[in-house]
Every structure is written in C-alpha cells, then in structure tokens.
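Working notes, structure below.
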Amino acid sequence: GESVGLHLPTLSVQEGDNSIINCAYSNSASDYFIWYKQESGKGPQFIIDIRSNMDKRQGQRVTVLLNKTVKHLSLQIAATQPGDSAVYFCAEKAVNYGGSQGNLIFGKGTKLSVKP
Amino acid sequence: KAGVTQTPRYLIKTRGQQVTLSCSPISGHRSVSWYQQTPGQGLQFLFEYFSETQRNKGNFPGRFSGRQFSNSRSEMNVSTLELGDSALYLCASSLPPYEQYFGPGTRLTVT
C-alpha cells in the first residue's frame, strides 16, 4: 500500500476501547468541518461532518465535537475495531461567495492503530 | 452508484515531461476538486471546477492546470515535471453544498 504520511502522530488503542482523535483548525471563518478516514492505498473516506452552528453530532459509533472558542475538533470512536486502523484527517471549509463550495483545508492527520 | 474513478492509478515520468491525469466524478456531481498528497505537506488543495469553470485555486505554480468537460469529467495537467511533484493526486467530486467524495488517487513518481 501507499504511505499517506510519515512522522504522523499515532494513537494506539486496544480493540473494544474508545478512541479520541483531536484536531486544531486554523480559520475562525470556517463553518463546516469534516472527518475523513484514509486506509493505505485508498482515497480519504467521509466519516462525519458538522456545521459551525452545532457543537456535537453523532453517527454510527462516531461522535464529532466542535469547540469554536478554542478552534478545536475531536472525533470519538466507540468500541474501536481493527478495521478502524487508518489515518484520520480533519478538514475545514469556509464557503466562499457566489455559492462556491470552497476548498477543504486538511489537518496533518493522526494514525490510529488498533491492537487486537 | 459508481464512485469517483481516476486514471491512471500509477504513473512514472521523468523530469521535464508533462502529464495528464483524469477524473470521472460520481454521476450527477458537478463539482470536482483536485488535491496533492505528500508525506511532507499532507493534503493540499489544487483547484476546484464547477460547470466547466475554475472556481477556486490553491497556492500552486502555473505548471499545474486543469479543466472540466461538459459531462463533469475533469483532467489536470502538470507541465515541466519536477522531482517534488511526486505525490498522490486525489480527485473529489460533490454535489454542492454536500460532502466531497474522493477517488483512489493517481500515484505519480517523477524520476
């Protein structure tokens, strides 16, 4: 597979434990945030998103928390499984004028390693 | 529904050459964005196309260009390749304002 990043922060957890991955975003004007999962040899896969008018959103086994005061985003994965092993990226977006979707600004990523 | 497809998946070129990468978005998606991913710089935005028009551009030199066709398929071109252009090039499609779906990428190696 392809290496998606060297010297990434690594989080190692035991199967069945909960995982928390943190991200500091850069632009206070960003109003949309996304978490992506990238497995070796694949493109980023959408996990969950949150808009700036919310501070928490839950999906299946995942929860995203947004703290706009300190520009912090976190992803919580419940009952982590070996299949969750991947690199996780947060991304922020500021919608430009004219309805443009704008571009995604990605964080550096965190490598999650799940021990069976 | 078929996902985003990118061709070719792997490519080896020499310095000074030019290369064209192709991206077919998910059916119905009109926005296509391109990103460069390297170990050192991570994922960086190149440009976004919508209805055949470039709407956003990242901070890359003019050697990087793109276009979008009437069927929303997109190509990006890199001219006068440099060693530092070696990267995974990712294409993402979306139906704004919803989330972007990424393709598997094209791994470009410049020797």
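The values are calculated or read from the model by the stated rules, or taken from the named source; none is laboratory data. Because the structure is predicted, anything quoted here is derived from the model rather than measured. Cβ atoms come from the backbone with ideal geometry, glycine included; neighbour counts cover every protein chain shown. Accessible surface is based on the protein model in full, side chains and every heavy atom, while ligands, DNA and RNA are left aside. Shrake-Rupley method; radii C 1.70, N 1.55, O 1.52, S 1.80 Å.
Residues in segment B:9-30 that are open to solvent by 70 Å² or more (accessible area, probe 1.4 Å) and charged (D, E, K, R): B:R9, B:R15, B:R30.
Would you confirm whether or not segment B:31-54 contains a residue that is among the charged types (D, E, K, R), open to solvent by 70 Å² or more (accessible area, probe 1.4 Å) and within 10 Å of chain A (Cβ to nearest Cβ)? Let's see the steps before the verdict.
Going residue by residue through segment B:31-54, those that are among the charged types (D, E, K, R) are B:48, B:52.
Cutting the leftovers down to open to solvent by 70 Å² or more (accessible area, probe 1.4 Å) gives us B:52.
With the extra rule that they be within 10 Å of chain A (Cβ to nearest Cβ), the set shrinks to none.
No - not one qualifying residue is present in segment B:31-54.
Just to confirm my filter: which strands (runs of 3 or more DSSP E) fall fully inside segment B:1-68 and include at least 3 residues that are among the hydrophobic types (A, V, I, L, M, F, W, C)?
On the way: elements: B:5-7, B:10-13, B:19-24, B:31-38, B:42-50, B:53-57, B:64-68.
Of the strands (runs of 3 or more DSSP E) lying wholly inside segment B:1-68, those with at least 3 residues that are among the hydrophobic types (A, V, I, L, M, F, W, C) span B:19-24, B:42-50.
If you filter segment A:53-86 down to residues that are without any contact (Cβ under 8 Å) to a residue 60 or more places away in the chain and of a type in the set (V, I, T), you find that the one that is most open to solvent (accessible area, probe 1.4 Å) is A:T69. Scanning segment A:40-74 for residues that are in contact with a Leu (Cβ under 8 Å, 6 or more places away or on another chain), among the aliphatic types (A, V, I, L, M) and either under 18 Å from A:V87 (Cα atoms) or away from chain B (no Cβ under 14 Å) (or both) gives A:I47, A:I48, A:M54, A:V62, A:V64, A:L65, A:L66, A:L73. Report whether or not B:T109 is more than 24 Å from A:A91 (Cα to Cα) and open to solvent by less than 70 Å² (accessible area, probe 1.4 Å). Spelling it out, B:T109 is indeed more than 24 Å from A:A91 (Cα to Cα) and open to solvent by less than 70 Å² (accessible area, probe 1.4 Å).
Take A:F89 and decide whether it is crowded, with 18+ Cβ neighbours inside 10 Å and closer than 21 Å to B:P104 by Cα. So A:F89 fits the description; yes.
Looking at A:K42, A:K108, which one is at pLDDT below 95, part of a loop (DSSP other than H, G, I, E, B) and under 14 Å from the mean Cα position of the chain (by Cα)?
Answer to the check: A:K108.
Of all residues in segment B:78-95, those being open to solvent by less than 40 Å² (accessible area, probe 1.4 Å) and of a type outside the set (S, T, Y) number 8.
Of all residues in segment A:28-39, those being within 13 Å of another protein chain (Cβ to nearest Cβ) and not in a strand (DSSP E or B) number 2.
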